[in-house]
Ligand SMILES: [Fe+2]
């Protein structure tokens, strides 16, 4: 696979043309009477037209045929995708899942969409307020099928196997220890190369932002330049009824046939794009004297609620770092939190959960449910010599933390 190119920077105003069609972007205007190469101009709005500039998001796509060229949408099998938060009764206990089993390709072919399973979530799609946590378990590339989400943004965390993601904006290769965000309405298709697993944080009707840094200053945590945006790439493919567009709309799946590849955008410009980020670029901030800073120092991206400082969802990581705090109990402290904490493990072992929390599994700590280190960890850490030590080498754990109280689906409450 030839190395893919990217544009660097978070949320920038970008412009990109497939090099096979120089001059495909109209100059000086968005909507000329006739576009270069007779392309069709189409705006994709990611925010209300009248949002303030700081949150206003849209892109202009110049494509071989407009997206509207499709047969009607029809309801299709929902699989394990749901937004019904009343399937099982609430349970405040700590929940833990073993690694989610990936179906064997020799037994059943499953692609990214048919391999989606909703684990937990909260809120309401129709009022654009809430989130869902899904996993994907697949072994086959999407074949002339693309997907888009009318409900919200997907933050995708691959755990096993790399993803080659075709989008209307170009191609991205996303490997474990990288993440990507595909925002509301953007069509994409995923190729996989082995039995593949990962996690998805979906937020309804809002977008992820970099957290404010306060006294940290202008630099640190996830730096804007490390976010990568694909460059324009198109395929000029027409097959009568040959392409299927799958849409998640109000939590339900629909499919429409069309004759043309959805990846027919020759050029685009704007600030509403998919993007990816390598978690190894995260600049870790930590205590260098005593005690712990709160885990919010590990926030990569946040999806804010309307209440200041309160997130619908934060994406938080626990990367390799030094522990140097003196006169301090260094493991994560005992606590009760008003937030929901869904944790997953990309690789290695998480310092505060030695047994039973394995790569590809998960845990959910619900609001105010007590949690903290086990007795053995407490004993050891209370007596340990406090020399500088490496923490979490070879490990990457993460948390989806939400101010909403999440419900578990029937699928996730079942035996595992
Ligand atoms: Fe916690």
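Mean silhouette area of segment 173-219, derived from the convex hull of its C-alpha atoms and averaged over all directions, reads 5.2 nm². In the chain, the DSSP beta bridges split such that about 95 percent are antiparallel, to the nearest 5. Each of 288, 157 was scored by other Cβ atoms within 10 Å of its Cβ. Arranged with the fewest first, they read 288, 157.
Test of understanding: in a Gaussian network model of the chain with alpha carbons linked when under 10 Å, which of 77, 124, 153 would top the mean-square fluctuation ranking? Result for the chain, Cα springs under 10 Å: 77 fluctuates most. Computed over Cα pairs, the Kirkwood radius of segment 2-76 leads via Stokes-Einstein (1.306 mPa s, 10 °C) to a diffusion coefficient of 106 µm² per second.
Take every Cα pair under 8 Å whose residues are at least 6 apart in sequence, average their separation, divide by the length of segment 282-406, and the relative contact order is 34 percent. Here the relative contact order of the chain, from alpha carbon pairs under 8 Å that lie six or more residues apart, stands at 21 percent.
By the helix-only formula, in which each DSSP H run with n ≥ 4 contributes -39500 (n - 2.57) and the sum is divided by residues, the chain has a 222 nm mean residue ellipticity of -500 deg cm²/dmol. Taking only the Cα atoms of segment 28-157, the radius of gyration and Dmax are 19.6, 61 Å. In nm, to one decimal, how far is the residue 383 label point from the residue 77 one, both placed 7 Å along Cα→Cβ? Going from the residue 383 label point to the residue 77 one covers 5.6 nm.
Let me check against my output: what whole-number percent is the relative contact order of segment 157-245, with C-alpha pairs under 8 Å and at least 6 apart? Across segment 157-245, relative contact order equals 33 percent. Starting from one equal scatterer on each C-alpha and no solvent at all, send me the Debye-based log10 I(q)/I(0) for segment 282-406 at q = 0.12, 0.13, 0.14 Å⁻¹, two decimals. Here log10 of I(q) over I(0) equals -0.46, -0.55, -0.64. With only the Cα atoms considered, the chain has a convex hull volume of 154 Å³ per residue. Note on segment 237-287: Kirkwood radius taken over Cα pairs, Stokes-Einstein applied at 4 °C and 1.567 mPa s, translational D equal to 86 µm² s⁻¹. Quick check: Cα centre of segment 233-291 to Cα centre of segment 297-365, how many Å? Using only Cα atoms, the two centres lie 26 Å from each other. For residue 30 and residue 2, a Förster radius of 25 Å and the Cβ-Cβ distance give a FRET efficiency of 0.20, rounded to the nearest 0.05.
Here is the size of segment 113-224 from its Cα atoms: Rg then Dmax, 15.0, 49 Å.
Percent of Cα pairs in segment 199-303 per distance bin of 5 Å, from zero to the largest separation: 2, 8, 13, 15, 15, 14, 10, 8, 6, 4, 2, 1, 1, 0. Where the alpha-carbon atoms of segment 97-177 are placed on the principal axes, they occupy 41, 35, 25 Å, in descending order.
Just so you know, all these numbers are worked out from the coordinates, no wet-lab data involved. Keep in mind it's a predicted model, so treat the numbers as computed, not measured. Cβ sites come from the backbone with ideal geometry, for glycine too, and all protein chains shown count toward neighbours.
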